[in-house]
1. Quick one: count up the residues across region 1-29 that are under 15 Å from residue 72 (Cβ atoms), more than 8 Å from the chain's Cα centre (by Cα) and among the hydroxyl-bearing types (Ser, Thr, Tyr).
2. Restricting attention to region 4-14, which residues are modelled with pLDDT of 85 or more and surrounded by 22 or more Cβ atoms within 10 Å (Cβ to Cβ)?
3. Counting only residues that are surrounded by 14 or more Cβ atoms within 10 Å (Cβ to Cβ), among the acidic types (Asp, Glu) and modelled with pLDDT under 95, give me the helices (runs of 4 or more DSSP H) lying completely in region 15-106 with at least 1 of them.
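The values are calculated or read from the model by the stated rules, or taken from the named source; none is laboratory data. All of these numbers come straight from a predicted model, not from anything done at the bench. With ideal geometry, Cβ positions are generated from the backbone for all residues, glycine too; neighbour counts draw on all protein chains shown.
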Amino acid sequence: MKILVIGSVGQTALNVIRSLLANGHEVTALAGASAYLLDYDPKLRVARGDVRDARCIERVVANQDVVISCVAAKAIRRTDVPDIVMRNVDAAMTKFDVKRLVKLLT
C-alpha cells in the first residue's frame, strides 16, 4: 500500500514509519522544511512542506491509499493546527477518493 504519514518528525510517527517500511509499504512522510528526516529506505519518500497549506496536503495525498496523521498541537505550540490539517486532509482525501484515515493523538 501507499501510505502518507503527516507530522513525520515525532517519535510516534517515526515508529509508525519504521513499522510500515518493515511491512513492505511505500511511505511518503510529510515533514516541515527544517525537520530532520533522512531517506533511509528506498520505499520512503520525504516530502517537505507546511502541514497547514492545503495545496501541500493535496500534493501529498494524491495517489495514496491511506493517510496517517501524527500532528501534535503541543509539539508546534498551536492548538488550532490539528483542526486546520484535518480540514485540509479531508478535502484532499475527498478530491482524490482516498478512503482510509488514521488519526493518532500524540
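1. Count: 1.
2. Of everything in region 4-14, those that are modelled with pLDDT of 85 or more and surrounded by 22 or more Cβ atoms within 10 Å (Cβ to Cβ) turn out to be 4, 5, 6, 13.
3. none
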